[in-house]
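S.K.: Starting off with a structure, shown below.
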Amino acid sequence: MLKKTVVVSIFLFGFGLLMLLTSGPVPAESQKTQSLETAENNGLQLPRRDPHFSGNIGTTFSTSDPAVFPQPDKAPEGAPNIVLILLDDVGFGQFEVSGGMVPSPNMNKLAAEGIFYNRFHTTALCAPTRAALLTGRTSHQANFGVISEISTGYDGYTAVIPRSTATIGKILGQNGYVTAWIGKNHNTPPWETSQNGPFDRWPSGGLGFDYFYGFNSGDNDQWAPSLMEDRTPVPPSKDPDYIMVKDFADKSIAWLKRTREIQPDKPFFLYLATLATHAPHQVPKKWIEKFKGKFDMGWDKYREMTIKRQKKMGIIPQNTDLAERPESLPAWDTLSVAEKKLYARMMEIFAAYGAFADYQVGRVIDYVKSLPDADNTMIIYIIGDNGSSAEGGLHGLTNENQMFNGFNRVPTVDDILKVYDELGGPKHFNHFPAGWTVAMCTPFKWTKQVASDFGGTRNGLIVDWPAKIKHGKIRRQFHHVVDIYPTILEVVGINAPREVDGIEQKPVEGISMAYTFADPEAEGRRKSMVFELICNRGMYEDGWFAGSMSFIPWMAKREKYDPFTQPWKLFNINKDFSLAHDLADKYPEKLEKLKSLWWAEAGRTDILPLDWRGVERFSAKLSGRPVIAGDTKDFIYTSRLTDLPLSVAPNVLNRSFRITADVEIGKGDEGMIITQGGIEGGFAFMVKDQKLVFAYNFLDMSSAAYTIIESSEKTPTGKVTLAMDFVYQGGKKMAGPAGITLYINGKKTGHGTLPRTVPMIFSLSETQDIGSDHGTSVAPNYYKAPFKFTGKLDRVVLELK
């Protein structure tokens, strides 16, 4: 019996060994495949692998298993459409929906149908907020600690969204959504925005959206913007009533119609970023006239009236005190008659701009509500990417770009009053004064840029989703823009991927807000949040907020700063909504704890090193950013190349240069030969009225800012060589004077001087154009864009000295 058992055991062992040797363990590759399939099924690895037929394949189709054709990615059953709307430079107390005096009937209606959040936060600046919104990581983790125009080479500040933080557009697109981005894109590195790309950080490129219509910069002219449709420049509009905010609404509705007609069952994701109410404050005059006299009471009275409305509406607690007005801002009652006249007008223009934006976005919302699946459409309406902007300085500006070049104390009130009736129109890039900015941020003290105060970071939020959300109480949970990303993933029913395009993803920092939809009293899940913007620092934890301010936002030039000695303030935000009462002296241990936590979070989230340099960071050379032209000195153009972003065009600032153009002129021919910039600042070289002309705009400071130099002789017909020498006379200093000399066929025919020149930047959004002017006019009272050259343009050479 024992012998038989041993034999059977040996046989079974041998058989098992044979099976092990022939089949072996599950290979590592097979285990990997199973793991990949699991990850794919859970949406943890994107994109999913190329489909592979897994049936039996014979020698012909008749001896093979029937083929099931691979199907495209499909969204989870019942996944909602999503419309994400983002306004720009909006204070908490600006619109009616949160107690302000700028009419917002469409926001009001949406809030009445959905829910309003009164403790929602942004980053205090546009591009950082947008990066956090799109990636679900903090702005510094997405390499956008500042705007791209002042980026540096430190992690957290490169303005290059890392591939390890895939955008919500890419994630939804690879989970069965059709996606579009319409409006402002301030998240592509400036040196990558030309028609040459690369396009892996463009909205309809590597950022993952199917369609893009908008612009790749921080601001734009409303009347004559530089726009792109996907990767193609949009020609100047011929519509005399064109304005960009309306155009974005039109394009949004057109895209939605097209999407529904092609694939009515496929969910859509529309991201609409309007630019409004960012400068320039431009709006049709008939809208401005609606507000005549509405703000004569001044900014102090506005703040008092607004906080009363906010309390009455339940937007803020009844015990909220109005934070004090900053000491450097004058009381309205101390202003002169001229100042009051100008400042009230600037506020009328701003209010008209905001009301006009509400109307245009309302058109998009109305169309969405008319769709058959409107009930299953979630609208996320973020009322501003930061607080209202104080970049207009104490007096307001005819041109916001004056601030970016370090000139925020000029022009004078008298200078601006000379163009009083032109403000809001196509000749100026105007911005209102900081007194109104603080009023827009009621009940808080500070503004955009100030991440150490909720005036810079607290923005209203509306969420509407008829199928799942019923109108109810205001939501008071503390949340941040970084939380929108995981909220969308949760309501769609997909996971945040661990790997995208073969790149391991950073952990998502956001916390879904979906838990607040059904329960207004739910305990808030965000327990802490770190803030930093240009050394303005803030730390929130469990109802307490500590903040340390670095610089006054309306002062372009930075003074000395020491982050280790700069004072901090402490607030209990559960009892002090407006941060009006500093408790630093009363609770020093609490403050020290939050300061220590800030430094720890700063190290963890790529905030360090702190950098408090000011306008000099607009210089790519000083900041070490890529210069696409490299060491090229001679730029030769044999075609009419237009719409070249200034960030990749030859840099003519603070240096000498020469322009030579070989042209053929017939009788009456005229037009633009080459131009950089527009109404914000720039130069133009043209033929007009049979004269060779050089025009220069020194930041629209005043009427004296425009220099026109004409040739003393007429331009002849036939083949002609036209030239201009720009001799910079400022040495190594910026903004120095320059001498201009004009030549026709080698003969000197005109000369002039520029007492000062633009030091840092002509414009954030204007372009270099050859043969026409596709943006705004450098000298709007002298010629009208596009002013296409009607002769033959053989060659234009721009030679840097």
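The values are calculated or read from the model by the stated rules, or taken from the named source; none is laboratory data. Fair warning: this is a prediction, and the values are worked out from it, not measured in the lab. Positions of Cβ are generated from backbone atoms using ideal geometry, with glycine treated the same way; all protein chains shown enter the neighbour counts. The area values use the complete protein model at the heavy-atom level, side chains included, leaving out ligands, DNA and RNA. Shrake-Rupley method; radii C 1.70, N 1.55, O 1.52, S 1.80 Å.
S.K.: Of the residues that sit in segment 561-579 and are at negative phi and aliphatic (A, V, I, L, M), which one is surrounded by the fewest Cβ atoms within 10 Å (Cβ to Cβ)?
M.R.: Top of the filtered list is Ile573.
S.K.: So, of the residues in segment 600-623 that are more than 22 Å from the chain's Cα centre (by Cα) and not hydrophobic (A, V, I, L, M, F, W, C), which turns out to be nearest to Phe404 (Cα to Cα)?
M.R.: Step by step, filter segment 600-623, then rank; the result is Lys621.
S.K.: To continue, here is another question. Scan segment 636-653 for residues that are open to solvent by 40 Å² or more (accessible area, probe 1.4 Å) and assigned to a loop (DSSP other than H, G, I, E, B) and report the count. Explain how you work it out, then say what you get.
M.R.: To start, the set of residues in segment 636-653 that are open to solvent by 40 Å² or more (accessible area, probe 1.4 Å) comprises 636, 638-641, 647, 651.
When the remaining residues are screened for being assigned to a loop (DSSP other than H, G, I, E, B), the result is 638-641, 647, 651.
Result for segment 636-653: 6.
S.K.: Do you know which residues across segment 574-583 are touching a residue at least 60 places away in the same chain (Cβ under 8 Å) and closer than 23 Å to Ile534 by Cβ?
M.R.: Ser578, Leu579
S.K.: Return the pair list, or none, for Cβ contacts closer than 7 Å from residues in segment 403-418 that are farther than 12 Å from Gly393 by Cα to residues that are part of a helix (DSSP H, G or I) and open to solvent by 60 Å² or more (accessible area, probe 1.4 Å), at least 6 apart or on different chains.
M.R.: That search, which allows pairs on different chains as well, returns Lys418/Ser703.
S.K.: How many of the residues making up segment 321-339 are hydroxyl-bearing (Ser, Thr, Tyr) and more than 32 Å from the chain's Cα centre (by Cα)?
M.R.: Narrowing segment 321-339 to residues hydroxyl-bearing (Ser, Thr, Tyr): 328, 334, 336.
Subsequent filtering for residues that are more than 32 Å from the chain's Cα centre (by Cα) retains 334, 336.
Matching residues across segment 321-339 total 2.
S.K.: Between a first residue in segment 213-230 that is outside any loop (DSSP other than H, G, I, E, B) and a second residue that is open to solvent by 30 Å² or more (accessible area, probe 1.4 Å), which pairs have beta carbons less than 6 Å apart while being 6 or more apart in sequence or on different chains?
M.R.: These pairs meet every condition: Tyr213/Glu229; Tyr213/Lys251.
S.K.: Moving on to the next point. Determine which single condition Ser703 fails, assuming it passes every other condition in (1) modelled with pLDDT under 95; (2) under 25 Å from Leu227 (Cβ atoms); (3) of a type in the set (Gly, Ala, Ser).
M.R.: Result: Ser703 passes all but (2).
S.K.: Follow-up question, since we're still on this one. Name, by its number, the condition in (1) open to solvent by 50 Å² or more (accessible area, probe 1.4 Å); (2) in contact with a Leu (Cβ under 8 Å, 6 or more places away or on another chain) that does not hold for Trp544.
M.R.: (1)
S.K.: Tally time: how many residues in segment 233-256 are in contact (Cβ under 8 Å) with a residue 60 or more places away in the chain and part of a helix (DSSP H, G or I)?
M.R.: Final tally of qualifying residues: 9.
S.K.: Continuing with the same structure: For segment 87-110, indicate whether the set of residues that are open to solvent by less than 40 Å² (accessible area, probe 1.4 Å), at pLDDT below 95 and aliphatic (A, V, I, L, M) is non-empty.
M.R.: Within segment 87-110, not a single residue is open to solvent by less than 40 Å² (accessible area, probe 1.4 Å), at pLDDT below 95 and aliphatic (A, V, I, L, M).
S.K.: Sort through Ala522, Ala580, Ala584, Ala518 and tell me the only one that's over 19 Å from His140 (Cα atoms) and in contact with a Ser or Thr (Cβ under 6 Å, 6 or more places away or on another chain).
M.R.: Just one listed residue meets the conditions, Ala522.
S.K.: With the requirement that a residue be at negative phi and surrounded by 15 or more Cβ atoms within 10 Å (Cβ to Cβ), what does segment 728-738 give you?
M.R.: Tyr728, Gly730, Met734, Gly736, Ala738
S.K.: For the structure I just gave you, tell me whether Pro80 is touching a Gly at 6+ places or on another chain (Cβ under 9 Å) and at pLDDT 80 or above.
M.R.: No: the conditions fail for Pro80.
S.K.: Quick one: count up the residues across segment 536-568 that are closer than 30 Å to Arg409 by Cβ, in contact (Cβ under 8 Å) with a residue 60 or more places away in the chain and in contact with a strand residue (DSSP E or B) (Cβ under 8 Å, 6 or more places away or on another chain).
M.R.: 8
S.K.: Output the residues belonging to segment 148-164 that are closer than 14 Å to His186 by Cβ, part of a loop (DSSP other than H, G, I, E, B) and open to solvent by less than 20 Å² (accessible area, probe 1.4 Å).
M.R.: Correct list: Ser151, Ala159, Ile161.
S.K.: Further question on the same structure: Working carefully through the options Ala390, Ala439, Ala352, Ala374, find the one that is out of contact with any Leu (no Cβ under 6 Å at 6 or more places or on another chain), crowded, with 24+ Cβ neighbours inside 10 Å and more than 28 Å from Phe551 (Cβ to Cβ).
M.R.: Ala352
S.K.: Please find, among Gly752, Gly775, the residue that is open to solvent by less than 20 Å² (accessible area, probe 1.4 Å), under 21 Å from Asn654 (Cβ atoms) and either in a loop (DSSP other than H, G, I, E, B) or out of contact with any Pro (no Cβ under 9 Å at 6 or more places or on another chain) (or both).
M.R.: It is Gly752.
S.K.: Can you find, within segment 580-631, the residue that is most open to solvent (accessible area, probe 1.4 Å) among those that are acidic (Asp, Glu) and under 30 Å from Leu653 (Cβ atoms)?
M.R.: Result: Asp631.
S.K.: OK, next. Here are some conditions: (1) within 30 Å of Gly136 (Cβ to Cβ); (2) aromatic (Phe, Trp, Tyr); (3) touching a residue at least 12 places away in the same chain (Cβ under 8 Å). Phe657 meets all but one. Which one does it not meet?
M.R.: Going through the list (1) within 30 Å of Gly136 (Cβ to Cβ); (2) aromatic (Phe, Trp, Tyr); (3) touching a residue at least 12 places away in the same chain (Cβ under 8 Å), Phe657 breaks only (1).
S.K.: Further question: Read through the list (1) open to solvent by 60 Å² or more (accessible area, probe 1.4 Å); (2) assigned to a loop (DSSP other than H, G, I, E, B); (3) under 26 Å from Lys473 (Cβ atoms), then give the number of the only condition that Lys308 fails.
M.R.: Exception for Lys308: condition (2).
S.K.: Inspect all residues belonging to segment 489-500 and state whether any of them is closer than 30 Å to Glu559 by Cβ, buried (at least 22 other Cβ atoms within 10 Å of the Cβ) and out of contact with any Leu (no Cβ under 7 Å at 6 or more places or on another chain).
M.R.: No, every residue in segment 489-500 fails to be closer than 30 Å to Glu559 by Cβ, buried (at least 22 other Cβ atoms within 10 Å of the Cβ) and out of contact with any Leu (no Cβ under 7 Å at 6 or more places or on another chain).
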